[in-house]
Amino acid sequence: MNNRLENIANRRVWKIAICGLLTLGMVAGPNTAVKAATVQQQFQDTYNSYAKDAITHLVDKGIATGTSENTFEPKKSVTRAEFATFAVRLLGLKPVQNNINPYQDISMSAWYYGNVAAMTNLFILEGKGQGTFQPNASITREEAATLLVRMLKQQPVVTGLLSSTYSDAADISDWARPYVQTVYQLGLMRGSEGLFRPHDQVTREEAAVMLNAIVQKKTWSEQLQRADELGVQLGWQYNSSTAEFKQQVQQSEVNTLVPRWFFLNSSMKVTDHADPALISWASATDRQLWPLLGNRSDSAITHQMLSSQANRAAVISQVAAYVQTYKLGGINVDFENVDPADREGLTAFVTSLTAALHALGAVVSVDVSPDLGTDWTDAFDYARLGAVSDYMVLMGYEENWNGDPKAGSVASYPWVEKALDTLLTEVVRAKIILALPLYTRDWSSVDPAALSWDITLAEQGIRARAAGSVRRWDANLVQYIIGYNSNGTPRYIWAEDSRSLSAKVLMSEQRQIAGLAYWYMGGETADVWNAISNASRFESYNF
């Protein structure tokens with residue numbers, strides 16, 4: 001369902017919760033399979049349950065657990081929090097401890113918080129309005145139908161068949177009708193005696209039957225067992241030592257390292273800040289190393305190099321020598337503030353550099369800003385650069401920049417989506433890497449240009465949780481807007497967090513591009529990596 005996020009800004013907040021899926025509050029331990037072998041002895045209350053076999057299978061899979069060592073309570077209803085835990089396990093995802101809490105009525109220390117946040121990040125499970133989730137509320141059958149359809153990424157259908165299928169069809173809520181019809185066609189919920197009973201609570205044994213049907217269907221289970229395929233995951237080093245950078249990478253999904261080692265200077269000698277320790281570590285951990293070749297936004301030096309064939313050749317010769325000496329996998333070209341007059345020179349440089357590095361078995365990636373039709377990007381011939389280089393790294397941030405007289409988002413969802421789709425008209429998807437921000441900006445309401453500054457996602461979280469701060473989710477921008485006061489002056493943050501980043505990852509995965517990049521390593525909070533991994537995995541499913 002590749003259009004799942006297409007109309008995200010206009011989506012109605014459904015009254016959701018799924019088919020009461022088992023009590024999943026306690027994570028299944030390593031002895032789950034052993035327990036499953038004696039499930040009938042453990043769960044003394046499942047002997048006469050029609051769902052006995054389904055319960056056994058789900059416990060064996062580590063999806064379900066009992067309410068105690070000896071009881072399963074098959075007639076008990078399921079809560080929204082329990083469903084979130086089920087969904088994470090069934091879909092092969094990870095709990096995400098969002099640094100910004102989506103809901104006012106859930107503690108970040110609650111056992112289910114990471115599971116609720118994970119499902120919220122993927123737009124599978126949403127709140128009940130007014131910033132609440134109601135984690136202990138029971139789930140109705142029509143809510144279950146909605147969530148099953150979303151979990152399986154099915155497009156809900158609207159037909160006139162419900163009235164002929166169920167005698168109580170008129171009792172089904174309008175918002176739930178397409179989902180009830182779809183879940184019926186999927187064979188997951190059929191009702192009984194001609195009734196769907198849309199407002200009845202789902203019991204644990206009912207949930208077991210529904211969930212087991214998903215697990216048992218071969219085409220679905222094959223998708224759930226797929227290995228992750230993240231593609232290129234590029235991380236830039238910035239303001240960190242080698243030891244710090246290594247630690248940041250180890251805690252992330254990053255498989256391609258971009259330390260800031262090589263820079264142009266006026267003598268046309270490329271500065272060399274290579275670190276043998278990082279080179280050895282990257283090789284030992286099977287990570288790619290594509291050091292940055294930068295111009296420090298110096299248009300004069302860049303023009304001096306690009307406007308001269310001899311200077312271009314001299315720089316390329318030095319870079320090729322570094323690649324050969326250090327056995328590098330590639331180079332990341334980061335030229336910013338390039339004069340529009342150097343458009344042909346830049347294309348010629350990248351063309352020759354790529355040829356030289358290909359001869360050494362290395363690749364070239366080129367960082368580009370979104371094409372907004374301004375002189376900031378006039379020097380970049382996107383189509384020709386995309387044709388000759390191996391990768392184009394779209395810097396999907398700085399929608400509102402440091403020094404911008406207008407406060408706003410660093411990377412709103414609509415802006416990033418438009419930027420990526422524009423680049424896709426000129427460059428093949430297999431060459432595009434979307435760079436996401438692991439930072440944001442703290443804006444002054446009085447003088448945005450002079451009194452605003454960049455902050456890390458950790459600093460953002462501190463402000464979001466401070467006494468007196470307020471926040472709201474903007475469904476159009478697909479991010480939180482945080483407000484707080486500093487010395488009596490209102491300040492604002494358009495937040496980047498696990499929830500907003502997940503939406504961008506889902507969008508990029510739908511377009512099947514080469515991978516993702518992150519500016520910058522160390523700016524994030526730990527939770528974003530599980531969120532990014534989940535989004536990539538979930539969007540890869542083709543149920």
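Please compute the modelled spin-label separation between Gln324 and Ala348, points set 7 Å along Cα→Cβ, answer in nm with one decimal.
Those two pseudo-labels are separated by 2.4 nm.
Arranged from highest to lowest average of other beta-carbon atoms within 10 Å per residue, in what order do the peptides 231-238, 313-320, 149-156 appear?
Highest to lowest by the protection proxy: 231-238, 149-156, 313-320.
222 nm [θ] for the chain, helices only, -39500 (n - 2.57) per DSSP H run of 4+, per residue, to 500?
Calculated at 222 nm, the ellipticity per residue is -10500 deg cm²/dmol.
Report the full-extension gain for the segment Asp174 to Asn487: residue separation times 0.36 nm, less the Cα-Cα distance, to one decimal in nm.
Computed gain between Asp174 and Asn487 is 107.8 nm.
Just order 489-501, 468-480, 163-175 by mean Cβ neighbour count inside 10 Å, highest at the front, would you?
489-501, 468-480, 163-175
For the pair Thr165 and Gln44, what calculated FRET efficiency results from E = 1/(1 + (r/R0)^6), where r is the Cβ-Cβ distance and R0 = 30 Å, to the nearest 0.05?
About 0.20, to the nearest 0.05.
Could you work out how far apart the two model spin labels at Gln155 and Thr219 are, taking each label as a point 7 Å from the Cα in the direction of the beta carbon, and quote it in nm?
About 1.5 nm separates the two model spin labels.
Three principal axis extents, largest first, for the C-alpha atoms of the range 212-341, in Å?
The principal-axis extents, from largest down, are 68, 35, 26 Å.
How large is log10 I(q)/I(0) at q = 0.15, 0.30 Å⁻¹ when the Debye formula is applied to the Cα atoms of the range 498-543, each weighted equally and without solvent?
Cα-only, vacuum Debye calculation for the range 498-543: -0.37, -1.21.
At 1.4 Å probe size, with the rest of the protein present, what percent of the exposed accessible area of the chain is carbon and sulfur atoms?
Working: 10570 of 21950 Å².
Carbon with sulfur: 48 percent of the solvent-accessible area.
Measure nothing but the geometry: give the 0 to 90° angle between the long axis through the Cα atoms of 177-186 and the longest principal axis through the Cα atoms of the chain, rounded to 10°.
Relative to the chain, helix 177-186 is tipped by roughly 80 degrees.
As an exercise, take the mean of 1/r over every pair of distinct alpha carbons in the chain, invert it, and state the Kirkwood radius in angstroms.
Working: mean 1/r = 0.0393 Å⁻¹.
So the Kirkwood estimate lands at 25.5 Å.
Which order do peptides 255-262, 219-226, 191-198, 335-342 fall in by mean Cβ count within 10 Å, highest first?
Working: 255-262: 23.0, 219-226: 12.5, 191-198: 14.8, 335-342: 17.9.
Packing proxy ranking, top to bottom: 255-262, 335-342, 191-198, 219-226.
What do you get for the angle between helix 204-216 and the principal long axis of the chain? Use alpha-carbon atoms, 0 to 90 degrees, nearest ten.
It works out to around 50 degrees.
Please compute the length gained on full extension between Ala475 and Arg296, using 0.36 nm multiplied by the number of residues separating them and subtracting their Cα-Cα distance. If you can, show how the numbers build up before the last one.
Numbers: separation 179, 0.36 × 179 = 64.44 nm, distance 3.63 nm.
Contour length minus the Cα-Cα distance gives 60.8 nm.
Which value, in debye to the nearest 20, gives the size of the charge dipole of the chain about its Cα centre, when Lys and Arg are +1 and Asp and Glu are -1 at the Cβ?
1140
Compute the helix-to-body angle for 80-90: its Cα long axis versus the longest principal axis of the chain, expressed 0 to 90° and rounded to tens.
60
R0 = 41 Å: FRET efficiency of Gln247 with Asp378, Cβ-based, nearest 0.05?
0.55
Find the all-direction average of the projected area of the Cα convex hull for the range 300-418, expressing the result in square nanometres with one decimal place. Could the numbers behind the result be given before it?
Numbers: hull surface 32.9 nm².
Reported value for the Cα convex hull: 8.2 nm².
Sticking with the crude label model, points 7 Å out along Cα→Cβ, report the distance from Arg511 to Asp200 in nm, one decimal please.
Here the modelled spin labels are 4.7 nm apart.
Counting pairs of alpha carbon atoms under 8 Å apart in space and at least six apart in sequence, what relative contact order in percent does the range 381-445 give? Display every interim value, and only then the final one.
Working: 73 pairs, mean separation 29.2, N = 65.
Value for the range 381-445: 45 percent.
When ligands, DNA and RNA are left out and all protein chains stay put, how many square angstrom of accessible area per residue does the chain have with a 1.4 Å probe?
Solvent-accessible surface per residue comes out at 40 Å².
At 0.36 nm per residue, minus the direct Cα-Cα distance, what do Met108 and Ser445 gain on full extension? Give it in nm, one decimal, please.
118.3 nm
Quick check on my link table: of Lys61/Lys94; Lys76/Lys217; Lys246/Lys418, which ones sit more than 22 Å apart, alpha carbon to alpha carbon?
Flagged as over cut-off: Lys76/Lys217; Lys246/Lys418.
I'd like the trypsin sites (Lys or Arg not before Pro) in the range 174-223 restricted to DSSP loop residues with at most 11 other Cβ atoms within 10 Å, sorted by number.
Arg190
Lys/Arg Cβ at +1, Asp/Glu Cβ at -1, dipole of the chain taken about the Cα centre: which of Thr65, Trp401, Gly468 is farthest positive-ward?
Checking the options against the dipole of the chain, the answer is Thr65.
The values are calculated or read from the model by the stated rules, or taken from the named source; none is laboratory data. Only a predicted model underlies this, so the values are computations on that prediction, with no experimental measurement involved. Here the Cβ is made from the backbone with ideal geometry for all residues, glycine too, and neighbour counts use every protein chain on show. The accessibility values were calculated without ligands, DNA or RNA, using every heavy atom of the protein model including side chains. Shrake-Rupley method; radii C 1.70, N 1.55, O 1.52, S 1.80 Å.
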